[in-house]
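Contents: one structure, followed by commentary.
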């Protein structure tokens with residue numbers, strides 16, 4: 001009968017571990033879902049509102065600058081943003097190698113051949129991107145291929 005009780009204790013420990021792992025996975029999923037929601041909000045503010053200042057992002061999202069800075073850095077480290085960095089000197093997020101988002105205008109090459117620029121919404125993150133018409137491009141924010 002003593003072996004039966006040891007088996008019951010082993011089962012209870014095993015079930016407890018499985019339940020604990022399940023709770024941890026649920027909590028991790030909730031945390032990730034919230035981060036994705038914040039990422040999408042940041043992308044919309046940066047791409048549509050041209051809001052690159054950490055101060056403006058903090059004010060708009062009702063968060064502290066410190067939270068925004070750490071949150072964006074975590075997202076950059078986890079590759080949510082591709083080709084992005086935070087310029088601590090100026091307090092802005094830099095997407096690509098530029099600090100300002102170029103307005104959607106038609107330009108010409110040196111041979112005076114017109115280049116048509118089109119605005120396209122990324123299917124991955126919802127950001128507004130500009131690209132040369134007929135050329136495959138990549139989203140500046142998440143790296144998704146723009147079709």
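The values are calculated or read from the model by the stated rules, or taken from the named source; none is laboratory data. If you're wondering where the values come from, they're calculated on a predicted model, not measured in any experiment. Ideal geometry is used to build each Cβ from the backbone, glycine not excepted, and the neighbour counts take in all protein chains shown.
Quick look at the numbers
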{"item": "Pairs where the first residue, in segment 56-83, is assigned by TED's automatic domain parsing to the domain that holds residue 42 and free of Cβ contacts under 8 Å to residues at least 40 places away in the same chain and the second is surrounded by fewer than 16 Cβ atoms within 10 Å (Cβ to Cβ) and outside any helix (DSSP H, G or I), C-beta under 7 Å, 6+ apart", "result": "58/64; 76/85"}
{"item": "Criterion violated by residue 6 - all others in (1) surrounded by 10 or more Cβ atoms within 10 Å (Cβ to Cβ); (2) more than 25 Å from residue 142 (Cα to Cα) satisfied", "result": "(1)"}
{"item": "Hey, residue 42 modelled with pLDDT of 90 or more, touching a helix residue (DSSP H, G or I) at 6+ places or on another chain (Cβ under 8 Å), under 22 Å from residue 139 (Cβ atoms) and in a loop (DSSP other than H, G, I, E, B) or not", "result": "no"}
{"item": "Qualifying residue in segment 17-32 (condition: surrounded by 10 or more Cβ atoms within 10 Å (Cβ to Cβ) and outside any helix (DSSP H, G or I))", "result": "no"}
{"item": "Residue list for segment 50-96, filter: outside any strand (DSSP E or B), in contact with a strand residue (DSSP E or B) (Cβ under 7 Å, 6 or more places away or on another chain) and more than 17 Å from residue 40 (Cα to Cα)", "result": "91"}
{"item": "Some residue of segment 20-35 being closer than 30 Å to residue 130 by Cβ and touching a helix residue (DSSP H, G or I) at 6+ places or on another chain (Cβ under 6 Å)", "result": "no"}
